[in-house]
1. What value, in deg cm²/dmol to 500, does the helix sum -39500 (n - 2.57) over DSSP H runs of n ≥ 4 give at 222 nm once divided by the residues of the chain?
2. Counting DSSP beta bridges with both partners in the chain, what percentage is antiparallel, nearest 5?
3. Can you list the residues, at least 5 places off or on another chain, whose amide H is less than 5 Å from the amide H of Ala66, using H built in the peptide plane?
4. Along the charge dipole of the chain, which of Thr33, Gly68, Leu100 sits closest to the positive end, that is, farthest toward it, with unit charges on the beta carbon of Lys, Arg, Asp and Glu (+1, +1, -1, -1)?
5. Could you state the per residue volume, in Å³, of the convex hull enclosing the Cα atoms of the stretch 12-122?
6. How much net charge surrounds Val113 when only the other residues with a Cβ under 15 Å from the Cβ of Val113 are counted, with Lys and Arg +1 and Asp and Glu -1?
7. I need Glu70, Glu115 ordered by Cβ neighbour count within 10 Å, fewest first.
8. Relative contact order, percent, of the stretch 14-122 when contacts are C-alpha pairs under 8 Å separated by at least 6 residues?
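No value in this document is a laboratory result; all are computed from the given coordinates. Keep in mind that this is a model prediction, so the values were computed, not measured. Reconstructed Cβ throughout: ideal geometry from the backbone, glycine too, with neighbour counts over all protein chains shown.
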Amino acid sequence: MTILHFKTSDKLKKLALETLRHKEFQVPYQDKTTSKKTFLFVKDSGIYLMNGWGEKDYKNNVVVYAKGYEPESDDCWNKCRDAVGGDDFGEAIHMRKDQLTRLANGGDMSIRVSETQFEWRA
């Protein structure tokens, strides 16, 4: 089991605040949206959280890397594979308003990943 840590930062606060503000969120791997407040939990070049609302200009996405899983960290590819497996993915994490408010006010987030599931705390 791996526990990923997302420490408070300006980017994490912005991600929470903007998620509270937005009304429509993309459903991963489907051409539809939901009103559920959503972060995307992603593994590709690193492991990170990003905005679940649709941004046509990818430069405007808000991306927050798990501590130690940034693309420029030493041996990132192997560390990511060991933590969450070799396949790239994007999963929706539905966030409650109280969780988003805590993050916007400077809280941390963690995701516990096992072979069969993941769970988060914020």
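1. -7000 deg cm²/dmol
2. So the antiparallel bridges amount to about 100 percent of the total.
3. Amide H to amide H, under 5 Å and 5 or more residues apart or across chains, Ala66 pairs with Ile47, Tyr48, Leu49.
4. Leu100
5. 105 Å³
6. Result for the local shell: 0.
7. Going from least to most buried by this count: Glu115, Glu70.
8. 27 percent
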